[in-house]
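Only one structure is covered here, and it is reproduced in the block below.
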Amino acid sequence: MNENGGKPKKSSSSSDGSGSDKQLDRREHWKQLYETADTTHVNWYQDSVSCSLDRIQDVAPDMTTSIIDVGGGGSILVDGLLDRGYTSISVLDIALPAIELSRNRLGERASLVNWIVADVCRFEPERTYEVWHDRAVFHFLLEPTDRKAYRDVARRAISPGGKLIISTFAIEGPFRCAGLDVRQYGSSEMADELGGDFLLERSETETHITPGGEEQLFWCGIFSRK
Ligand SMILES: C[S@@+](CC[C@H](N)C(=O)[O-])C[C@H]1O[C@@H](n2cnc3c(N)ncnc32)[C@H](O)[C@@H]1O
């Protein structure tokens, strides 16, 4: 188990209202959310993750493929990956209570997973991954500097030829989630964000029905790391 996910970066000054203040706010927000919310009733909850699993298996039929679920939270994606037979799974989240939730749910099987508590924008990977999966994390990054940091981390973390599978709210999707403002994406917007190191292979939209019965339009893209 890796609780830290690598070396921490030097913290930037917090006195200018950027850097570590922002990181702390973000971490605290998600920590409190997981400590207080019923996680099967949050808007993003899915009781079936077959779309993500099928996308992953489509690009990674080999069960030894190294996979990281970024912002995995309490998602049952990790359970599904284990059920399908994947043997190299990492789950990263900024909130320790989210990681604990998934670890407790998995019981003994939790030891088969590498757990990482880190802000993805400050993550310093000590290895590379062949598949990077992100459902509903990138769209929370409102600052261009955070999105650039995410892209730089993904570029370092994904091996050449590896896949980045990313789901965000679509252009017609919601403007807020989890009490936070979010951004909306389509293929050209995300290709612009990810820059020249990633090639969009395909994309699709899908409608997510929240536990409260609301429809949310998601966009999903599969990129190849050049
Ligand atoms: C909307 S939830 C989605 C959870 C999961 N991917 C799913 O589809 O059910 C967003 C998740 O991303 C995590 N998160 C938010 N910002 C993050 C960041 N900067 N670095 C890592 N995790 C983050 C949150 O703690 C939360 O678990």
Consider only pairs whose beta carbons are under 8 Å apart and that are at least six residues apart or on different chains; among these, list those whose first residue lies in the stretch 69-82 and is acidic (Asp, Glu) and whose second residue is assigned to a loop (DSSP other than H, G, I, E, B).
ASP69/SER75
Looking only at the stretch 168-177, which residues are assigned to a loop (DSSP other than H, G, I, E, B) and under 17 Å from GLU143 (Cβ atoms)?
PHE175
Select from the stretch 103-116 the residues that are of a type outside the set (Gly, Ala, Ser) and without any contact (Cβ under 8 Å) to a residue 24 or more places away in the chain and write down the one among them that is surrounded by the most Cβ atoms within 10 Å (Cβ to Cβ).
ARG103
Among the residues of the stretch 43-50, are any under 16 Å from GLU130 (Cα atoms) and open to solvent by less than 50 Å² (accessible area, probe 1.4 Å)?
no
When GLY73 is evaluated against the numbered criteria (1) open to solvent by 40 Å² or more (accessible area, probe 1.4 Å); (2) at pLDDT below 95, which criterion, by number, is the only one it fails?
(1)
Please work out which one of (1) farther than 23 Å from GLU204 by Cα; (2) open to solvent by less than 10 Å² (accessible area, probe 1.4 Å); (3) of a type in the set (Val, Ile, Thr) is the condition THR64 fails and give its number.
(2)
Report, by residue number, each residue of the stretch 185-215 that is of a type outside the set (Asp, Glu) and either surrounded by 17 or more Cβ atoms within 10 Å (Cβ to Cβ) or assigned to a helix (DSSP H, G or I) (or both).
TYR185, SER187, SER188, MET190, ALA191, LEU194, GLY195, GLY196, PHE198, SER203, HIS208
Every residue from the stretch 117-173 that is within 25 Å of THR64 (Cα to Cα), crowded, with 19+ Cβ neighbours inside 10 Å and either among the polar types (S, T, N, Q) or free of Cβ contacts under 8 Å to residues at least 24 places away in the same chain (or both)
SER167
Across the stretch 43-64, what is the total count of residues that are in contact with a Cys (Cβ under 9 Å, 6 or more places away or on another chain) and either within 30 Å of GLY85 (Cβ to Cβ) or more than 8 Å from the ligand (Cβ to nearest atom) (or both)?
4
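Which of the residues that make up the stretch 83-93 are in contact with a strand residue (DSSP E or B) (Cβ under 7 Å, 6 or more places away or on another chain) and open to solvent by 20 Å² or more (accessible area, probe 1.4 Å)?
Once the filter is applied, which keeps residues that are in contact with a strand residue (DSSP E or B) (Cβ under 7 Å, 6 or more places away or on another chain) and open to solvent by 20 Å² or more (accessible area, probe 1.4 Å), the stretch 83-93 yields only SER88.
The values are calculated or read from the model by the stated rules, or taken from the named source; none is laboratory data. Just so you know, these numbers come straight off a predicted model, no measurement behind them. With ideal geometry, Cβ positions are generated from the backbone for all residues, glycine too; neighbour counts draw on all protein chains shown. Side chains are part of the model used for accessible areas, which takes the heavy atoms of the whole protein and leaves out ligands, DNA and RNA. Shrake-Rupley method; radii C 1.70, N 1.55, O 1.52, S 1.80 Å.
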